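Enquirer: Got a structure for you, written out below as structure tokens; questions coming shortly.
What follows draws every value from the coordinates through simple rules; no lab data is involved. This one's a predicted model, so the numbers in the text were calculated from it and none came from an experiment. Counting neighbours? That spans all protein chains shown, and the Cβs are built from the backbone with ideal geometry, glycine included.
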């Protein structure tokens, strides 16, 4: 089966690393972005120059109509989607819950939770054998924060990723007999533009591994879950954290 993988938030960080690894593994890759058009196009160009197949597709994953248009555009240009990496996410404001505004809370939940649900739903409607599809794989990118809670700093982000974990548990059972596997990757502290440079420098040496993770290391876990090597892995939450629980 031809592998056609859509990666949301694919223009930077873990998403970009996963796009490159997907293309290297023979996937045709759709790189979703919301504002970073230049980065998305540069990534697509690099994949094509290396002999891969790729396209960029702009969409706000928290907008139902844009999500549907995105999936239709990928299907039209590349073919039926076989893999979705639900990676688009924002951290939002740092601080205590009592200091968060209603708008700040809704903005994070819109991207991290609603966006994940809308993209998963769109993928299921197209992949499910129940709907005439050929099956496929969904990998939701969560965070170790969902387990840790991130008090005083990222409780909103942590809670949003807890919702992602619950989605994986329920959806994986809901569509298992429709030819779809659903799993989660929960990264630990990773060198992207989401943590501050100070946090990376201060916390890295304190981790069991003695260092922070690289986006490519998270991407390798995602690629494995997308592959046939993980054919009996469903509903799992794979922690990729250098030993941090």
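Enquirer: Label residue 97 and residue 65 with points 7 Å out from Cα along Cα→Cβ: what is the distance between them in nm?
Expert: Taking the simple label geometry, residue 97 and residue 65 are separated by 3.5 nm.
Enquirer: Continuing with this model, one more query. So what's the angle, to the nearest 10 degrees on a 0 to 90 scale, between helix 13-24 and the longest Cα principal axis of the chain?
Expert: The answer is roughly 30 degrees.
Enquirer: Compute log10 of I(q)/I(0) for the stretch 144-187 with the Debye formula, placing one identical point scatterer on every Cα and leaving out solvent, at q = 0.27, 0.28 Å⁻¹, to two decimals.
Expert: Values, matching the q order: -0.86, -0.89.
Enquirer: Turning to a different aspect of this structure: Over the Cα atoms of the stretch 82-217, what Rg and Dmax result, in angstrom?
Expert: Spelled out, the Cα radius of gyration and Dmax of the stretch 82-217 are 16.4, 51 Å.
Enquirer: Before anything else, pin down the relative contact order of the stretch 120-245: Cα pairs under 8 Å, at least 6 apart, normalised by residue count, whole percent. Don't skip to the answer; put the middle values down first.
Expert: Working: 203 pairs, mean separation 36.0, N = 126.
So the answer I get is 29 percent.
Enquirer: Just the number: Rg to Rh for the chain, Cα atoms, Kirkwood Rh, two decimals. Can you show the working numbers first?
Expert: On the way: Rg = 17.0 Å, Rh = 17.9 Å.
Ratio of gyration radius to Kirkwood radius for the chain: 0.95.
Enquirer: Take the eigenvalues of the Cα gyration tensor for the stretch 1-125, scale each by 5, and report the square roots as semi-axes in whole Å, largest first.
Expert: Working: eigenvalues 149, 52, 25 Å².
They are 27, 16, 11 Å, listed largest first.
Enquirer: Do you know the relative contact order of the chain, to the nearest whole percent, from alpha carbon pairs under 8 angstrom that are 6+ apart? Can you show the working numbers first?
Expert: Details: 502 pairs, mean separation 46.0, N = 245.
It comes to 19 percent, rounded to a whole number.
Enquirer: Helix-only estimate, please: 222 nm mean residue ellipticity of the chain, summing -39500 (n - 2.57) across DSSP H runs of length 4 or more and dividing by its residues, to the nearest 500. Walk me through the intermediate numbers first.
Expert: Values: 9 runs with 103 residues, N = 245.
Counting only the DSSP helices, I get -13000 deg cm²/dmol.
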